[in-house]
C-alpha cells in the first residue's frame, strides 16, 4: 500500500468516525465522485446498504455477480429491489468461454470433488467478474460483518485491498444480526426469503444450505470442506 492510500484510509477513518452508515456512505461518495461502487448479493446486510444508497440518492453504483447458479429466491429479491427503488442493479457474468471450457472438462458439479475445482469455479463465476466490476473505481463498499466468520473478526472498517488495488469500506462491520433484522423491518426493505428458513450466508444454490441452531455462520457455505478454507476468493487477504 502506497503512502497516498495509507493517508487516505487514515483520513477516512477519522472523518467518518461516529457517523451512521448512511452519512458515512454519503461522505465517501462525495470524497470520491463517480468512483465508489457497492457489490450486492442481496443478503440481509446488502439490502440495508442498498436501501441507504438508493433511498438517499447517493452517487454510488451498485452491481451484483450473477454466477448462473443462484437461488430463485435471490432473483426474486433482485427484481423486487429494482421495483421498490425504481432502479436497475447491474449484473456482471462469468466469461462464457472460460465457463464453457471448465464445465466441458470437469462437469457441472465438479466443485464437490475437490477444493481446487471449487476454487476454480468460484474464480470463473465470481472473482474474475468482480475485477471487471471494480475496474475504474477507487472505493469498494461491501456488506461484510464481523459476525460472519472468525477470519473477519480482525477486519478494519476501512482497509486496503491489495489484490484488487482498491479501498474497501464495510459500513455494517460491527452490526449484529439483530440490528440488521430490525433495520430491515423498520424500513420495510425487500429481503431474501431464504433468511426466514435458516439461511444466513447465501451464495450459489449448490454450495449453500441452511444452518442449524448453534452452528457457525459460515457452516452453510461449502459445508463439505474444512472450516479454515471457506472463502471464495472475493475477499482474499
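The values are calculated or read from the model by the stated rules, or taken from the named source; none is laboratory data. Keep in mind that this is a model prediction, so the values were computed, not measured. Here the Cβ positions follow ideal geometry from the backbone for every residue, glycine too, while neighbour counts run over all protein chains shown.
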In this structure, is residue 65 touching a residue at least 12 places away in the same chain (Cβ under 8 Å), touching a strand residue (DSSP E or B) at 6+ places or on another chain (Cβ under 8 Å) and crowded, with 20+ Cβ neighbours inside 10 Å? yes
What about residue 210, is it surrounded by 14 or more Cβ atoms within 10 Å (Cβ to Cβ), within 28 Å of residue 93 (Cβ to Cβ) and modelled with pLDDT of 95 or more? no
Does any residue of the range 37-56 turn out to be within 18 Å of residue 136 (Cβ to Cβ), within 16 Å of the chain's Cα centre (by Cα), surrounded by fewer than 18 Cβ atoms within 10 Å (Cβ to Cβ) and at pLDDT 95 or above? no
Looking at the range 142-151, is at least one residue over 12 Å from residue 48 (Cα atoms), modelled with pLDDT under 95 and more than 16 Å from the chain's Cα centre (by Cα)? yes
All positions within the range 1-47 that are in contact (Cβ under 8 Å) with a residue 40 or more places away in the chain, part of a helix (DSSP H, G or I), out of contact with any helix residue (DSSP H, G or I) (no Cβ under 8 Å at 6 or more places or on another chain) and farther than 24 Å from residue 74 by Cα: 5, 6, 8, 9, 13
Scope the range 171-200; condition under 30 Å from residue 31 (Cβ atoms) and in contact with a strand residue (DSSP E or B) (Cβ under 8 Å, 6 or more places away or on another chain); matching residues: 171
Considering residues that are surrounded by 14 or more Cβ atoms within 10 Å (Cβ to Cβ) and over 30 Å from residue 59 (Cα atoms), the number found within the range 71-111 is 7
Unmet requirement for residue 175, which otherwise passes all of (1) surrounded by fewer than 20 Cβ atoms within 10 Å (Cβ to Cβ); (2) under 29 Å from residue 32 (Cα atoms): (1)
Here the qualifying pairs (Cβ atoms under 6 Å; residues six or more apart or on different chains; first in the range 187-209 and part of a helix (DSSP H, G or I); second surrounded by 20 or more Cβ atoms within 10 Å (Cβ to Cβ)) come out as 194/202; 195/44; 207/222
Scanning the range 1-30 residue by residue, those surrounded by 17 or more Cβ atoms within 10 Å (Cβ to Cβ) and either modelled with pLDDT under 95 or in contact with a strand residue (DSSP E or B) (Cβ under 9 Å, 6 or more places away or on another chain) (or both) turn out to be 8, 9, 12, 16, 24, 25, 28, 29
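Filter the range 182-200 down to the residues that are touching a helix residue (DSSP H, G or I) at 6+ places or on another chain (Cβ under 7 Å) and surrounded by fewer than 18 Cβ atoms within 10 Å (Cβ to Cβ) and list them by number. Before the answer, list the steps.
Residues of the range 182-200 touching a helix residue (DSSP H, G or I) at 6+ places or on another chain (Cβ under 7 Å): 183-184, 187, 189-195, 199-200.
Scanning the range 182-200 gives 187, 193.
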When the range 117-149 is examined, which residues are found to be free of Cβ contacts under 8 Å to residues at least 24 places away in the same chain and more than 26 Å from residue 30 (Cβ to Cβ)? 117, 120, 121
